[in-house]
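Heads up, the thing below is written out as structure tokens.
The values are calculated or read from the model by the stated rules, or taken from the named source; none is laboratory data. Quick caveat: nothing in here was measured; it's all calculated off a predicted structure. FYI the Cβ positions are ideal-geometry reconstructions off the backbone, even for glycines, and counts take in every protein chain you see.
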Amino acid sequence: MPKDLFDVTDKVVVVTGGLGQLGRQFSLALAARGAKVAIFDLHVDERKVAERFGTRATENRFLFVRADITQPDSIEAGLSLVNAKWGVPHALINNAALDSPPDAPAEESGPFETYPEDSWDRVMQVNVKGVFLCCQVVGGQMAAAGRGSIINISSIYGLVSPDQRIYEYRRTGSATFFKPVAYSASKSALLNLTRYLATYWAGSNVRVNTLTFGGVFNNQSEELVKAYCARVPLGRMAHEDEYNGAIVFLVSEASSYMTGANLVIDGGWTAW
Ligand SMILES: NC(=O)c1ccc[n+]([C@@H]2O[C@H](COP(=O)([O-])OP(=O)(O)OC[C@H]3O[C@@H](n4cnc5c(N)ncnc54)[C@H](O)[C@@H]3O)[C@@H](O)[C@H]2O)c1
């Protein structure tokens, strides 16, 4: 056990969707503690990277890779860049995902009976198949190296149904609104992908865990924030940096006996 239980110095970590709200937080938090962070995202270009990471982007602790997690070739090409710069990764954070925000187009948020089949396919493609492929490619390499930690990011909506009552404010006049089904089903799938791989790779010393989050404040409408917060025991949404501690825990040796588990951080949403 290292002196600092939560030491992540020089750990090579692949963060998918690292340009997004939470991926950026995880990447900055890990790099600040000495990790080497490879960000795989669809939208990697100079302007976007500068917008999201400012002057930190030039630090040698970051590698920005344009990669599509639904394409095995793209993940493999990204991994080759990581290997050339830093070797075999120590951790993979499967964070990239598609959600349907409260301002999604009407056909995405109508009744279940007419939820579009292609929306289902699009969400499953990224949120489930993309995670499966990253585990296969990046996890497979970590297993061959005999060590690693995979963190699959899920949501309270993968543990329990969305509480459709909090979207009541969207149902004015003839408007219907339902938080769609695909996101929930996709996030549930990660729970058992985690358990499957935790047991499959236990002998290769690759730990696999799910990290389940509640809603994060991101300038959502006042009505949504009010309705959401009334439903949370802690009475508020998460701040965007409040999941960083769990990420550091799962990447570091502090979690060395943890595999196949689901760590829930949701302000108490699933407690009642
Ligand atoms: N923000 C929340 O309130 C919240 C709550 C619970 C769980 N989560 C989970 O946390 C994770 C991050 O959420 P976020 O709010 O930061 O999302 P975000 O939308 O801000 O970021 C997602 C990132 O993934 C990237 N991405 C999408 N498809 C991709 C693909 N095919 N290949 C590579 N990259 C791709 C996007 O470009 C984007 O940068 C997600 O798994 C989400 O389900 C978020």
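Of note:
- For residue 160, the conditions (1) part of a helix (DSSP H, G or I); (2) within 16 Å of the ligand (Cβ to nearest atom) are fulfilled apart from (1).
- When each of 6, 53, 40 is tested for being in a loop (DSSP other than H, G, I, E, B), among the aromatic types (Phe, Trp, Tyr) and either within 27 Å of residue 257 (Cα to Cα) or in contact (Cβ under 8 Å) with a residue 12 or more places away in the chain (or both), the lone residue that passes is 6.
- Any hit, segment 124-142, residues being touching a residue at least 40 places away in the same chain (Cβ under 8 Å) and of a type in the set (Lys, Arg): yes
- Condition check for residue 87: closer than 25 Å to residue 136 by Cα and either touching a strand residue (DSSP E or B) at 6+ places or on another chain (Cβ under 6 Å) or in contact (Cβ under 8 Å) with a residue 60 or more places away in the chain (or both): yes
- Residue within segment 166-177 that is in contact with a helix residue (DSSP H, G or I) (Cβ under 6 Å, 6 or more places away or on another chain), at pLDDT below 95, part of a loop (DSSP other than H, G, I, E, B) and away from the ligand (no atom under 16 Å from the Cβ) present: yes
- Scan of segment 21-37 for residues that are part of a loop (DSSP other than H, G, I, E, B) and surrounded by fewer than 21 Cβ atoms within 10 Å (Cβ to Cβ), ordered by number: 33, 34
- Test: residue in segment 67-80 that is more than 14 Å from the ligand (Cβ to nearest atom), within 28 Å of residue 191 (Cβ to Cβ), of a type in the set (D, E, K, R) and in a helix (DSSP H, G or I): no
- If you go through segment 201-228 and keep only what is more than 13 Å from the ligand (Cβ to nearest atom) and not in a loop (DSSP other than H, G, I, E, B), you end up with 202, 203, 204, 206, 207, 208, 209, 222, 223, 226, 227.
- Residue 172 being under 27 Å from residue 116 (Cβ atoms), polar (S, T, N, Q) and surrounded by 16 or more Cβ atoms within 10 Å (Cβ to Cβ): no
- Verdict on residue 60 being loosely packed, with under 14 Cβ neighbours inside 10 Å and more than 15 Å from residue 182 (Cβ to Cβ): yes
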